[in-house]
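Some notes on the structure that comes next.
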Amino acid sequence: MVLHHAPGAPSAVLREVSAGAEEEGVPLRLQRVPDGAAVALGHAAARDSRLSVGVGVSADGAVAVHHAQLPADRPALAVRDGTPADWRRAGRTAARVVTGLPLQ
């Protein structure tokens, strides 16, 4: 699974999203990209992922979980002004989309 993050994306957000994915046993590759909105970054990450699931994190800490087959403006999950628990849940959600497990 791929995570695209904008320059200046909060390290705490990246850490928690990564931890959530790892809890579900799905590796996450972080890739810094030019600035963008979380939803657009997530969709681009999903298109770059062999698993067709991606996460985007914007400079303001917004998070979007996306699937390559979803419309670009319709992420599976979007989190704005989240808490560490929200960010970790986003990572778990992305991983569960990959594994086909029910979302929590």
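The values are calculated or read from the model by the stated rules, or taken from the named source; none is laboratory data. Please read these numbers as outputs of a predicted model, since none were measured by experiment. In this analysis, Cβ positions are derived from the backbone assuming ideal geometry, glycine residues included, and neighbour counts consider all displayed protein chains.
Couple of notes before you dig in:
- Residues in region 15-30 that are surrounded by fewer than 21 Cβ atoms within 10 Å (Cβ to Cβ) and either closer than 20 Å to Arg80 by Cα or more than 11 Å from the chain's Cα centre (by Cα) (or both): Arg15, Ser18, Ala19, Glu22, Glu23, Glu24, Gly25, Val26, Pro27, Leu30.
- Criterion violated by His67 - all others in (1) within 18 Å of Glu23 (Cβ to Cβ); (2) in contact with a Pro (Cβ under 9 Å, 6 or more places away or on another chain) satisfied: (1)
- Pairs linking a residue in region 1-22 that is at pLDDT 95 or above to a residue that is part of a loop (DSSP other than H, G, I, E, B) and among the acidic types (Asp, Glu), with Cβ atoms under 6 Å and 6 or more positions apart or on different chains, are Ala6/Asp35.
- Options Ala85, Ala40; residue that is part of a helix (DSSP H, G or I) and surrounded by fewer than 16 Cβ atoms within 10 Å (Cβ to Cβ): Ala85
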